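The next block holds one structure in the form of structure tokens; read it before the comments.
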2 protein chains.
Amino acid sequence: MSSRKALPQPDREEIRVDAVLQALGEPVRLTIVRALADAPDGIACGEIELPVSASTRAHHLRILREAGVISTNTDGTRRISTLRRADLETLYPGLLPGVLAAKR
Amino acid sequence: MSSRKALPQPDREEIRVDAVLQALGEPVRLTIVRALADAPDGIACGEIELPVSASTRAHHLRILREAGVISTNTDGTRRISTLRRADLETLYPGLLPGVLAAKR
């Protein structure tokens, strides 16, 4: 029996472009999004190297999740996040690839 | 003799993606960007219908200009703004079309 559980997130049709843009428009959150873009199977976001405290990291992950940019599943004590690429590409074709094309 | 003058804006290589995303991620500013997207020759932004005061409008226009999203030229007492489509498309291919594809 699996203990996998998805944390709350907006359905595709509830995602709002201003919330997505606000979520993406912050350097730490962009670093998280870039890391997830390289990990289609998702990663435990604690593993991404970030210059912030654990609580700030959790805050940024929550903003990304609530905006509809990422999905997070708990698996026991681990939280695995993935980018919602298909949802974003359906709603805003080109937006995410354009953001990822930006020089760092 | 023309009195046309460009207001200060970042050069293309100075534009930062987080600033662009922050500038775009606000409903009034998105309304401005959508209006400019339909007006390749630019518009006097006072003419865009917005539910805000003149000073708030000026604030939003300034944020868009300083982020590198729009250019503004003064022409006598008029200020004509245009989207910096070519610059944005070169830096972040797909980003602006993706944003403009969003349902309102």
Probe 1.4 Å, protein heavy atoms only - accessible area per residue of the protein assembly as shown in square angstrom: 54
Within the accessible area of chain B, what % is carbon and sulfur when the probe is 1.4 Å and the other protein chains stay in place? 50
Shortest first and in nm with one decimal, please list how far the residue A:93 label point sits from its counterparts in the other copies (point 7 Å along Cα→Cβ). 1.6
Other residues with Cβ under 10 Å from the Cβ of residue A:63 give, with Lys and Arg +1 and Asp and Glu -1, a net charge of +1
Given a 10 angstrom Cα cut-off, can you work out which residue in B:52, B:33, B:17 is the most mobile in a GNM of chain B? B:52
For the protein assembly as shown, max minus min Cα coordinate along each principal axis, in Å, sorted largest first? 77, 31, 27
Based on a Kirkwood Rh over C-alpha pairs, give the Stokes-Einstein translational diffusion coefficient of chain B at 25 °C and viscosity 0.890 mPa s in µm²/s. 177
Between A and B, which A residue has the Cβ nearest their rotation axis, distance in Å? A:94, 1
7 Å along Cα→Cβ for the label point: how many nanometres lie between residue B:52 and each equivalent label in the other copies, listed shortest first? 2.5
Residue B:69's amide H: which non-local residues (gap 5+, or another chain) put their own amide H closer than 5 Å, with H modeled 1.01 Å from N in plane and none for Pro or chain starts? none
Positive end of the charge dipole of the protein assembly as shown (Lys, Arg +1 and Asp, Glu -1 on Cβ, about the Cα centre): tell me which of A:24, A:92, B:55 has its Cα farthest that way. B:55
State, in square angstrom and to the nearest 100, the accessible area buried between chains B and A, both chains counted, probe radius 1.4 Å. 1400
For A:61, A:96, give the ranking by accessible area with the largest first, probe 1.4 Å. A:61, A:96
Could you work out how much longer the chain between residue A:101 and residue A:11 gets when fully extended? Use 0.36 nm per residue separation minus the Cα distance between them, nm to one decimal. 29.8 nm
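The values are calculated or read from the model by the stated rules, or taken from the named source; none is laboratory data. Every value quoted in this text rests on a predicted model; they were computed, and no experiment measured them. For neighbour counting, all protein chains shown are included, and Cβ atoms are generated from backbone atoms with ideal geometry for every residue, glycine included. Note: areas computed on protein heavy atoms with side chains; ligands, DNA, RNA excluded. Shrake-Rupley method; radii C 1.70, N 1.55, O 1.52, S 1.80 Å.
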